[in-house]
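The values are calculated or read from the model by the stated rules, or taken from the named source; none is laboratory data. Bear in mind the structure is a predicted one, so any value in this text is a computation, not a measurement. Reconstructed Cβ throughout: ideal geometry from the backbone, glycine too, with neighbour counts over all protein chains shown. These area figures cover heavy atoms from the full protein model, side chains too; ligands, DNA and RNA do not enter into them. Shrake-Rupley method; radii C 1.70, N 1.55, O 1.52, S 1.80 Å.
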Amino acid sequence: MDAPAALARLRDISSQVRAAVIFERGGKVVGSTLADGERAKQVAQESGDLLAEAELRGGDGGSAEFAQLEVVLQAGSVFVVRHGDRLIAATTPPEPTVGLVFYDLKSCLRDLDEAAPAKKAPPTRQSPRPKKKSDAKP
């Protein structure tokens, strides 16, 4: 599944997600529900910064990476989920079902991982089967 399909599936299964941006470490946007590409880049950058700041304040000096983060605001919540080198940031209305939103965001990132094309091994050439005596013609 590619990023637009994964985001479309996320929108189908999660009525609580208003907007979402999938990005890689460093801020490269992979996909977004936002129409404005510049806004998507800004959201990716700010979400990455937010996650980094939370890790610094996490009590261990920033040595552990957070897998997920929720920031609660009066207007709604911001979620950031990390899975490998990919992250997703999403906004929701106030008082979302937190566990369900985290689950949906993780599922979206897993959908992308599963879609990564697996390299097929080239077909091996097999030598013809030796004929059995019963197969031989007289």
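L100 fails exactly one of the following numbered conditions: (1) aliphatic (A, V, I, L, M); (2) modelled with pLDDT of 95 or more; (3) over 18 Å from the mean Cα position of the chain (by Cα). What is the number of that condition?
Of everything listed in (1) aliphatic (A, V, I, L, M); (2) modelled with pLDDT of 95 or more; (3) over 18 Å from the mean Cα position of the chain (by Cα), L100 misses just condition (3).
Filter region 91-112 for residues that are assigned to a helix (DSSP H, G or I), open to solvent by 30 Å² or more (accessible area, probe 1.4 Å) and either among the acidic types (D, E) or under 18 Å from L51 (Cβ atoms) (or both) and give the result.
Our first condition is that a residue be assigned to a helix (DSSP H, G or I); within region 91-112, this holds for 98-112.
Keeping just the survivors that are open to solvent by 30 Å² or more (accessible area, probe 1.4 Å) gives 98-100, 103, 106, 110.
Across region 91-112, the qualifying residues are V98, K106.
Looking at R25, R57, can you tell me which residue is open to solvent by 50 Å² or more (accessible area, probe 1.4 Å) and in contact (Cβ under 8 Å) with a residue 40 or more places away in the chain?
After applying the criteria, what remains is R25.
Could you tell me whether region 73-90 includes any residue that is touching a strand residue (DSSP E or B) at 6+ places or on another chain (Cβ under 6 Å), open to solvent by 50 Å² or more (accessible area, probe 1.4 Å) and over 16 Å from R110 (Cβ atoms)?
Checked against the condition, which is being touching a strand residue (DSSP E or B) at 6+ places or on another chain (Cβ under 6 Å), open to solvent by 50 Å² or more (accessible area, probe 1.4 Å) and over 16 Å from R110 (Cβ atoms), region 73-90 yields no hits at all.
For a quick check of your reading of the model, give me the residue pairs whose first member lies in region 1-18 and is assigned to a loop (DSSP other than H, G, I, E, B), whose second is open to solvent by 90 Å² or more (accessible area, probe 1.4 Å) and not aromatic (F, W, Y), with beta-carbon atoms closer than 7 Å and at least 6 apart or on different chains.
Short answer, once both residue conditions are applied: M1/E114; V17/R11.
Could you list all residues from region 89-100 that are in contact (Cβ under 8 Å) with a residue 60 or more places away in the chain and farther than 15 Å from I22 by Cα? Walk me through it before giving the result.
Step one: of region 89-100, the residues in contact (Cβ under 8 Å) with a residue 60 or more places away in the chain are 89-93, 96-97, 100.
If the condition is that a residue be in contact (Cβ under 8 Å) with a residue 60 or more places away in the chain and farther than 15 Å from I22 by Cα, then T92, P93, P96, T97, L100 are the ones that fit.
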